Amino acid sequence: MAKVVAWGVLVALVTTPPLTKALVTEALSSQALSSQLFILPLTHLNFSFPSPGVSYIPSLVNKPDLPSWLHYSYSAAVVTGFVYGVAPEGLQNFQLGVVAKDKHTYQTAHRVFKVDVLQEPRKPFEVRFKIKNMNVEELLVGRRWDLLHNVINNDLWNKSAHDLTVTYLASATQHGDRLPASPDQKEGVYVSYGSSVPFSPALLELEKEVEPLWDHHPCPTYFKKTSYERFFRQQGFAIDWCSFRLHNNTKESERMRQNLMAKEADLKSPVISALENEGRLHLLRRDEVEKRSYTFDVVHTILVPLVVMLALLGLLTLAMCCHRTNMLPKGQEIQIVQYASFHRATEALRFLKGREHSPHPSTATTTTQVDTLTRSRTASPSSTLPRNSTLGSRRFEDYATLSRPDPPPYQRNGMTPTR
């Protein structure tokens, strides 16, 4: 396997002898840099298939899928698959297994690519943006890498020609964006270029120009054109300026280190920090802390008060029920006495009223007694006297005389007698 470095991209070129079996495992070696984009193209020639109609399934050896920093894309225009990504710092090597299947003959082949990762420090200055009018596989084929590299190097970052490299590449969905609503729209590509040369005045001016767009989600489509957009448009690139960022990794690393130290200092009180500095306090590690069961603490703190509370509640309920049972007879007696007193007073008042307004002595006594008896039987709700069915057949005239006023004095021959 050979490697080619072009436009800041490390591309691995594979040349293999023809295969004689349907399933062949062969190990090939390659190299990658920890701070540079690595691309492995997969074609039918790598697996010695006669026709280009081949599908590929890449994964790490003894793993079901690719790691998060490696991605796979297939270009139908050039019938080629691409495995690409930037190896993280600290990774020494990895093995990539690829299963290829011929769609015409259904033959399969398996290859293992051993990749040694060479450690290289991260570029201190990076520029990242999104290309919204193409997909990843469209950017990986043709001369688009060369065109994009020329725009960055010639028009925006002139002094970075000797070490300008691609430090990040991912589709919009792999970066975290949503798929476009229309299937006809392109998915988009996120690209980062890095260099050890500080940012040029053109990049600083462009970042200041697009800074008002950073708070807009989604990015406004009909925003005014930037002053440097014409360089990208001439080469066929439409840039999403809301995603344009300049990253100073030296300042970010120092800022992260200071924030971490500040957080650690905030977690400790001044007294503890002073004792640690003097060597008088020894803080235990997590594995040095004694392990014990908290069952007794839970029982003592929760269950015991709960049992006591339930016992007191039961005693209070029992006391209230017994006290109410003893008070019931006395309450009923008071109620009966009250009804009896009201009954006697009402009967006396009705008897006196009947005697005062009766015009006929012969019938007043009889009427008053009967009416009093009838009303006394119906007025009291607790009356136990037997009802007489004949009393209900009295005439209306008998009741009419109860409230009739006294007649005027008797007159003879139309003259009022003198008293």
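Listed cross-link partners Lys208/Lys251; Lys63/Lys103; Lys114/Lys186; Lys63/Lys291; Lys225/Lys251 are compared with a 28 Å cut-off, the Cα-Cα value being larger for Lys114/Lys186; Lys63/Lys291; Lys225/Lys251.
About its Cα centre, segment 151-255 has a charge dipole of approximately 140 debye under the convention of +1 per Lys or Arg Cβ and -1 per Asp or Glu Cβ, with nothing else charged. Looking at segment 94-234, the pairs of alpha carbons with a distance over 26 Å make up 40% of the total. With r as the distance between the Cβ atoms of Thr173 and Val99 and R0 = 30 Å, compute the FRET efficiency 1/(1 + (r/R0)^6) and round to 0.05. About 0.80, to the nearest 0.05. The convex hull around the C-alpha trace of segment 165-252, projected and averaged over every direction, spans 7.0 square nanometres. Site pair Thr301 and Asp287 shows an inter-label distance of 2.9 nm when each label is modelled 7 Å from Cα along Cα→Cβ. Ratio to report: Rg/Rh of segment 70-165, with Cα atoms as the point set and Rh obtained by the Kirkwood method; give two decimals. Over the Cα atoms of segment 70-165, Rg/Rh equals 1.03.
Taken together, the values in this text are just the output of simple stated rules run on the coordinates, not laboratory data. Everything quoted here is computed from the prediction, not taken from an experiment. Quick reminder, even Gly has a Cβ in these numbers, built from the backbone with ideal geometry, and neighbours come from all protein chains shown.
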